[in-house]
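Quick notes on the structure that follows.
No lab work stands behind these numbers, since they all come straight from the coordinates. Since the structure is predicted, the reported quantities are computational estimates derived from the model, not experimental observations. Reconstructed Cβ throughout: ideal geometry from the backbone, glycine too, with neighbour counts over all protein chains shown.
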Amino acid sequence: MITSASHDRYRPLLPLSRTARVLSGLTLALLIALGWGAASGALGVSPWALINGSADELSVQVWWQLRLPRLLLGVAVGAMLAGSGAAMQGLFRNPLADPTLLGLASGAGLFVALWIVLFQGSAAGSLYGQFAAGFLGALSVCLVVFGIAKRQGGGSAAVMSLLLAGLAINTLAGAGGGVLAFIASDDQLRQLSLWGMGTLTNALWRTTAVALALIAVALWLLIRSARELDLLQLGESTAHAAGLDATCLKRRVVVATSLGVGLCVALTGVIGFLGLLVPHCLRLWLGPGHRLLLPASMLGGALLLVVADTLARTLGAPAEIPVGLLTSLLGGPYFLYLLMRRNRAC
Amino acid sequence: MLTLHKASFTTTPSIAPLDGTLRPGELLAIVGPNGAGKSTLLSMLSGFRPCEQGELHLDGKRLSEWPINELANRRALVAQQELPGFDWQTFELVSLGSNPSNALIAELLHDLDLTHLAKRSVLSLSGGERQRVMIARGACQLLSRRSPTAKDGGLLLLDEPTSALDIGQQQRLMRQLRAWAERHHMAIVCVLHDLNLASTYADRVWLLHQGQRIAHGSPALVLDPATIAEVYDVELLPINSRNAAAPLLALTP
């Protein structure tokens, strides 16, 4: 029979102390990274000098107008990409789903590039137009990918066709980008190529503030979906019987992801692999439960992007490496490693 | 608890109008050849695929009018196996969909002979072990979400719960289902392929063929060798069972 001692052998699904420990640890690491990022750059500014007022006016200007918005944008974009990666993986019940791999980011990129070439300089507030273009691009790719996933049902065939669909969309968007580059003027071309490599250089208060607010909404929508994403792992009909409205969940996650990723791409270009790398590492450490995984991925993504961006700014100072190149250099090999390990497991 | 009034699907896979009642404490087996509509019927009983004509009532209220979350307190479904994508530990997977006490998890794992696997990753389990984990999860949902005022233990729907089990585990599972039905006053519906299991353990059997229920009632009545031979297009050898209420069938060589 069952002894009373056996009753406390199972820790609850979400032990509060562990959650608090993990999240506060990640927050602390993020704050340290922010402090480091704030202090370093082409122009070294000591945070202490800023606080006690001994910094000269140029440093203060640089710090407030360039560095701070850039750091905040790094936090928002990192959190959004990694958070949406974790949510997509939950939604497709597949650890290889990621906004870049599935073509969401490049779809958004194509729409933004189209916007730059067609409308740049013509409409007032064109940057918000870029936001809208990014959102629409990501949303349409999301719907296409979902249509394919739905038609294939579950199983490994669906995974295969998802990744192939992502490949096709990425290729198509790449070709579309090439066509746009061909017809663009010199001025537009320069803007396209700078933006396309994925960089946080364009952080201005005007746009960063709007992006922060919208990304916060998207992150909140994702965190609110955590319990339902857990349920979805049971398969759709079983999850329905356990009280999950899957249609509502999918709609919410798709809208939040498209909004967030679209915005990120419009602001920074495509920053690859963050959405794959961060949730995957954290899942190995924390387990697959989304109530911890989602917020931890967001903090981890912010941490990774702030560190990567600070490295990008300082490694070759005063020149800058686009941070998207850095994350792709890091993430590409890791993805290959994942594929090899999966194949061995099968 | 659950009653059907001419409930049916007209679009394929179709189900001809059905009447019937599922009672607490009773084990109902749904049998029939491949493609007879067993899984479709189960998903109709669960409300996942709402019936297109006729009505289904749970506790006197139409199934489609139940809020999805309240319905989950009253019925659980264990669909045919899907591989979980992530490496949940066994006890974590069992508690998905409810907020069970450790005592309940321990009891259910013990019931299904899973205690030694409690902290293993479900991805490392065998097919049969994983199948029992999913069944434990379904029972866990019903038992831990059961309201204190409920008169019965709810409705547990199982799609081919024995498909990956060896004969020893099949016997233990079917006995356990009977025990749950009695102990918790649950209504249990199983889709089964093994007619002898249905005959030995079910209180009632529904025999489906091409979307129609062609026989229903006690196992002795429904699992009549002549009917089964015709429906399944098979040559059978009735076995002299010690229990006339539970006829057994074997295949001829």
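A few points about this structure:
- Long pairs among A:LYS150/B:LYS61; B:LYS61/B:LYS119; B:LYS38/B:LYS61, criterion Cα-Cα beyond 30 Å: A:LYS150/B:LYS61; B:LYS61/B:LYS119
- In degrees, nearest ten, helix A:16-39 long axis to first principal axis of chain A (Cα): 10 degrees
- Counting Cβ atoms of other protein chains within 10 Å of each residue's Cβ and taking the mean over peptide A:276-287 gives 1.
- Put a plus charge on the Cβ of each Lys and Arg, a minus charge on the Cβ of each Asp and Glu, and nothing anywhere else: the dipole of the protein assembly as shown about its Cα centre is then about 780 debye.
- When DSSP beta bridges are restricted to pairs lying wholly in region B:2-251, around 55% turn out antiparallel.
- Taking the helices alone, the protein assembly as shown has a mean residue ellipticity at 222 nm of -18500 deg cm²/dmol, built from -39,500 (n - 2.57) per DSSP H run of at least 4 residues and averaged over all its residues.
- ³J(HN,Hα), Karplus 6.51/-1.76/1.60, whole Hz, each residue of region B:61-75, x for Gly, Pro: 10, 4, 4, 6, 8, 6, x, 4, 6, 6, 4, 5, 6, 10, 8
- Distance between region A:236-270 and region B:1-74 - C-alpha centres, whole angstrom: 30 Å
- Spin-label model distance (nm) - B:THR227 vs A:TRP48, 7 Å beyond Cα toward Cβ: 9.0 nm
- When you count the other C-beta atoms within 10 angstrom of each residue and take the mean per peptide, B:109-118, B:149-158 line up highest first as B:149-158, B:109-118.
- The stretch between B:HIS116 and B:ASN102 holds 3.5 nm of extra length on full extension. This uses 0.36 nm per residue minus the Cα-Cα distance.
- Beta bridges per DSSP with both ends in the protein assembly as shown, % antiparallel, nearest 5: 55 percent
- Residues in region B:173-189 reached by a label modelled at B:ARG242 [backbone nitrogen below 20 Å; 7 Å Cα→Cβ]: B:173-176, B:178-179
- Förster-model FRET efficiency, 51 Å R0, B:ARG23 and A:TRP220, C-beta, rounded to 0.05: 0.65
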